[in-house]
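First the structure, in the form of structure tokens, and then the observations on it.
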Amino acid sequence: MVPVPTDRRRVTLKDVAARAGVSPMTASYAFTRPARVAAATRDRVHRAAGELGYRPDAVGRALKSGRTQQIGVVFSEHLAYAFDDPQAAQFLAGVAEVCVEEGQGLTFIPTRGDAADADRVLSAAVDGFVLWTTAEDDPVLAAVAGDPRPAVIQGGPPRQGIACVTQDDYGAALAIASQGLREGRTPVVISFPLDRDREHMVTIGADLPPRAPFPVTDARLRGYRTAVEQAGLSWTSTPIAVVARNAQRDGVEAARELAPQLTPDALVIAMSDELALGAHQALRETHPEVAYLGWDASPAGQRLGITSVTNPLRDQGRRCAHVALNPGRPNNQDIPWTITSGTAPPASRAR
């Protein structure tokens with residue numbers, strides 16, 4: 001057995017490797033790439049480190065290797081939103097799972113929508129970036145695209161130099177709205193924000209801007225419009241409530257504002273199950289015959305019988321993390337989707 005050093009010099013990784021009976025590289029991987037080392041070997045290295053009093057020098061290792069063992073998640077929302085929105089939380093859980101598996105750390109890099117955002121992101125001590133979907137005019141996109149570190153964005157917008165993991169939002173929106181309109185219902189829409197100002201409004205299709213800078217919002221609105229027009233209905237007169245956040249309380253407020261325009265055969269087309277659930281909460285007593293379309297196929301939405309688009313954000317988070325850690329992987333990945341209908345409970349229970 002290799003003795004414990006008796007002098008006052010600092011214990012090194014080489015000492016740990018010798019005591020554990022492994023190569024210095026294997027000892028290093030036991031700390032920096034644990035998934036690449038057999039569990040028994042990894043335990044032996046960690047036990048030797050404990051016996052010798054060795055503590056990895058994270059700063060020194062980063063300076064020597066040029067790597068920090070950290071992924072930076074750039075969130076274009078108030079940071080608390082990442083934990084308030086169930087789907088955003090699912091996405092972050094997927095990123096975190098991969099970080100645990102690969103022995104990486106996770107650094108949140110919140111943005112504020114100000115001129116310092118780009119510098120704040122680029123100054124982060126991380127090896128790569130995972131970006132939550134943002135607007136086309138977000139200056140962080142150009143900054144990250146020009147940085148040599150790997151970067152990937154969920155949902156877009158697509159940008160040269162940044163990988164993209166997303167769905168065909170236009171195709172899915174067209175499919176789900178077309179299915180809902182086959183019953184001859186009259187549509188109203190509850191939409192995500194149109195731009196970074198996140199202005200709440202109630203409007204009609206004719207008054208929407210030609211394009212929305214948020215690519216997810218833009219693609220879904222275009223899909224809904226095509227479905228409405230293919231059903232022989234007027235998109236220009238379709239009521240649309242634009243919310244500031246993807247939260248049930250925003251769905252409640254939007255539905256209450258839309259209520260005076262609802263017909264008995266109304267179809268609420270919401271861009272998420274959260275918004276659909278909020279709308280149902282607001283309308284279930286006064287408009288019990290209204291039907292709802294959502295997005296994300298959440299357990300709560302499925303229990304309520306909401307027809308929805310599957311949107312596996314946990315899987316998208318995992319894919320984004322893998323791309324950020326392994327730039328050699330395919331850069332752009334489309335996530336398949338399906339339309340699913342839940343089983344509504346009896347009316348007496350639903351209320």
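The values are calculated or read from the model by the stated rules, or taken from the named source; none is laboratory data. Since the model is a prediction, treat every value here as computed from it, not as a measurement. Please note: Cβ atoms are built from the backbone with ideal geometry, for glycine as well, and neighbour counts cover all protein chains shown. What goes into the accessible areas is simple: the full protein's heavy atoms, side chains included, and nothing from ligands, DNA or RNA. Shrake-Rupley method; radii C 1.70, N 1.55, O 1.52, S 1.80 Å.
Cα axis of helix 273-283 to longest principal axis of the chain: angle in degrees, 0 to 90, nearest 10?
40 degrees
Largest first, what is the accessible-area ranking of Ser123, Ser298, Ser28 with a 1.4 Å probe?
Details: Ser123 90, Ser298 10, Ser28 35 Å².
So the residues, ranked largest to smallest area, are Ser123, Ser28, Ser298.
Given the protein chains as shown and a 1.4 Å probe, how many square angstrom of Arg314 are accessible, to the nearest 10?
90 Å²
Taking 30 Å as R0, compute the FRET efficiency from the Cβ-Cβ separation of Phe108 and Ala291 and round it to 0.05. Before the final figure, lay out the partial values.
Working: r = 38 Å, r/R0 = 1.28.
About 0.20, to the nearest 0.05.
Report the per residue volume, in Å³, of the convex hull enclosing the C-alpha atoms of the range 137-275. The partial results should precede the final answer.
Details: hull volume 15.3 nm³, N = 139.
Once divided by residue count, the hull of the range 137-275 is 110 Å³.
For Leu131, which sequence-distant residues (separation of 5 or more, or a different chain) have an amide H within less than 5 Å of its own amide H, given hydrogens modelled in the peptide plane?
Long-range HN contacts for Leu131: Val74, Val152, Ile153, Gln154.
Of Asp195, Asp85, which has the most accessible area and how do the rest follow, probe 1.4 Å?
Working: Asp195 50, Asp85 5 Å².
So, going from the largest accessible area down, we get Asp195, Asp85.
Assuming 0.36 nm per residue, please report the length gained on full extension of the stretch Ala124 to Asp168 beyond their Cα-Cα distance. Working shown, then result.
Working: separation 44, 0.36 × 44 = 15.84 nm, distance 3.16 nm.
Fully extending the segment from Ala124 to Asp168 adds 12.7 nm.
Over the Cα atoms of the range 224-270, what is the Rg over Rh ratio if Rh follows Kirkwood?
Details: Rg = 11.7 Å, Rh = 11.9 Å.
Rg/Rh for the range 224-270 comes to 0.99.
Would you mind calculating the relative contact order of the chain from Cα pairs under 8 angstrom and at least 6 residues apart, reporting the percent as a whole number?
Dividing the mean separation by the residue count of the chain yields 16 percent.
Across the range 202-216, in residue order, what do the Karplus-derived ³J(HN,Hα) couplings come to in whole Hz, using 6.51 cos²θ - 1.76 cosθ + 1.60 with θ = phi - 60° and x for Gly and Pro?
With coefficients 6.51, -1.76 and 1.60, one gets 10, 9, 10, x, 4, 9, 6, x, x, 9, 9, x, 6, x, 5 Hz.
Using a 1.4 angstrom probe, figure out how much accessible area the chain has per residue, in square angstrom, rounded to the nearest whole.
Numbers: 16350 Å² over 351 residues.
Result: 47 Å² per residue.
Over the heavy atoms of Glu257, what accessible area does a 1.4 Å probe trace out, to the nearest 10 Å²?
Surface open to solvent at Glu257 totals about 80 Å².
Quantify, in whole percent, the carbon and sulfur part of the accessible surface of the chain (1.4 Å probe; protein heavy atoms only). All intermediate terms of the calculation are to be shown ahead of the outcome.
On the way: 8500 of 16350 Å².
Roughly 52 percent, rounded to a whole number.
How big is the shadow of the Cα convex hull of the range 166-242, averaged over all directions, in nm²? It would help to have the intermediate numbers written out before the result.
On the way: hull surface 18.9 nm².
Directional mean of the projected Cα hull area for the range 166-242 stands at 4.7 nm².
Please give the residues of the range 214-256, grouped as numeric ranges, whose backbone N is less than 16 Å from a label point set 7 Å along the Cα-to-Cβ vector of Glu199.
From the range 214-256, the list is 214, 240-245.
Would you mind calculating the relative contact order of the range 150-260 from Cα pairs under 8 angstrom and at least 6 residues apart, reporting the percent as a whole number? Spell out each step's value before the answer.
Numbers: 176 pairs, mean separation 35.7, N = 111.
Once divided by the residue count of the range 150-260, the mean separation gives 32 percent.
Sort Met271, Met25 by accessible area with a 1.4 Å probe, largest first.
Per-residue accessible area, sorted high to low, gives Met25, Met271.
Pull up the DSSP beta bridges for the chain and report the antiparallel fraction as a percent, rounded to 5.
Given both bridge residues lie in the chain, the antiparallel proportion sits at roughly 20 percent.
Note down the accessible area of Ile71, probe 1.4 Å, to the nearest 10 Å².
0 Å²
Sequence gap at least 6, Cα distance under 8 Å: using those rules, report the relative contact order of the range 199-248 to the nearest whole percent. List each step's numbers first, then the result.
Details: 40 pairs, mean separation 32.1, N = 50.
Worked out over the range 199-248, it gives 64 percent.
For q = 0.13, 0.17, 0.19 Å⁻¹, what log10 I(q)/I(0) does the range 193-335 give under the Debye formula with an equal point scatterer on each alpha carbon and no solvent?
Results for the range 193-335 at q = 0.13, 0.17, 0.19 Å⁻¹ read -0.63, -1.01, -1.21.
What would the Debye equation give as log₁₀ I(q)/I(0) for the chain at q = 0.09, 0.13, 0.16 Å⁻¹, counting only Cα atoms as equal point scatterers?
Taking Cα atoms of the chain as identical point scatterers yields -0.58, -0.96, -1.29.
For the chain, take the longest principal axis of its alpha carbons; what is the angle in degrees between that and the long axis of helix 248-258, to the nearest 10 within 0 to 90?
Long axis of 248-258 versus the principal axis of the chain: about 20 degrees.
In the neighborhood of Pro110, defined by Cβ-to-Cβ distances under 11 Å, what is the net charge if each Lys or Arg adds +1 and each Asp or Glu adds -1? Before the final figure, lay out each step's value.
Details: positive: Arg112, Arg120; negative: Glu77, Asp117.
Taking every other residue near Pro110 into account, the sum is 0.
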